[in-house]
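Contents: one structure, followed by commentary.
The values are calculated or read from the model by the stated rules, or taken from the named source; none is laboratory data. All of these numbers come straight from a predicted model, not from anything done at the bench. Counting neighbours? That spans all protein chains shown, and the Cβs are built from the backbone with ideal geometry, glycine included. Surface areas here come from the heavy atoms of the whole protein model, side chains and all, with no ligands, DNA or RNA. Shrake-Rupley method; radii C 1.70, N 1.55, O 1.52, S 1.80 Å.
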Amino acid sequence: MLKKQNIILILSFGFSSAVLASSAYAINATGTKVDYGASVTTNFADREIKLTPATKWANVTDGETVRFTADGKSFAWHFDTFNQSTFDLSTIAPKDVHVEHVRVYVESNPLYRGG
C-alpha cells in the first residue's frame, strides 16, 4: 500500500508535468511584423543606417536596435527575428517612410543560439 507521502509526491509530479506540458507549445511565424521584432523609439537605437535612393540592402544583427533614416524621416526597430534571415525593409517601415527595394539581411546573434 502506498504511503500518504508517496501519493502526495506522485500527485504533485503529475500536476507539475501537466502544467509544463500545457505551456510547451511550438511558436510559429505569424506572417506579420512581429516575426521581425518590434518598433521602438528612435532614442533607443544602437546605431543609425541612413538610407539613400541608391541603398539596396542593410545588414543588421538579431537583437540589435537600429534607427533607419530616409528623406528626413526616421524609425527604429529592435530586431528579434523568427527564423528570418532576409526580408524587405518595407515590411516593417511606417507608411510615411519610403524604403522601397531595400533588403534587410539579419545576421544571427551568437547570444541567441542554443547549445
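When the label point is put 7 Å from the Cα of Glu107 along its Cα-to-beta-carbon vector, which residues of segment 62-94 have a backbone N closer than 11 Å? In segment 62-94, the label zone of Glu107 (backbone N under 11 Å from the point 7 Å along Cα→Cβ) covers 62. Between Thr55 and Asp71, the modelled labels are 1.3 nm apart [label points 7 Å from Cα along Cα→Cβ]. List the aspartates and glutamates whose Cα lies under 16 Å from the Cα of Lys95, skipping any in the same chain that are fewer than 8 positions away. Candidates past the 8-residue exclusion: Asp71.
Packing-wise, with mean Cβ within 10 Å as the measure, how do 88-101, 31-44 rank, highest first? Please list the in-between numbers first.
Details: 88-101: 15.1, 31-44: 13.4.
Final packing ranking: 88-101, 31-44.
Taking the accessible area of segment 50-115, probe 1.4 Å, and keeping the other protein chains in place, the carbon and sulfur fraction comes to 50%. For Glu100, project a label point 7 Å along Cα to C-beta. Then give me every residue of segment 62-83 with its amide nitrogen under 19 Å of that point. Correct set: 69-74.
Could you report segment 72-115's accessible area per residue, 1.4 Å probe, as an integer in Å²?
Value for segment 72-115: 64 Å² per residue.
Please give me the summed charge of the neighbours of Ala76: other residues whose Cβ is under 15 Å from its Cβ, Lys and Arg +1, Asp and Glu -1. Counting the neighbours of Ala76, the net charge comes to 0. Near Arg103, once Lys and Arg are set to +1 and Asp and Glu to -1 for all other residues with Cβ below 9 Å from its Cβ, the sum equals 0.
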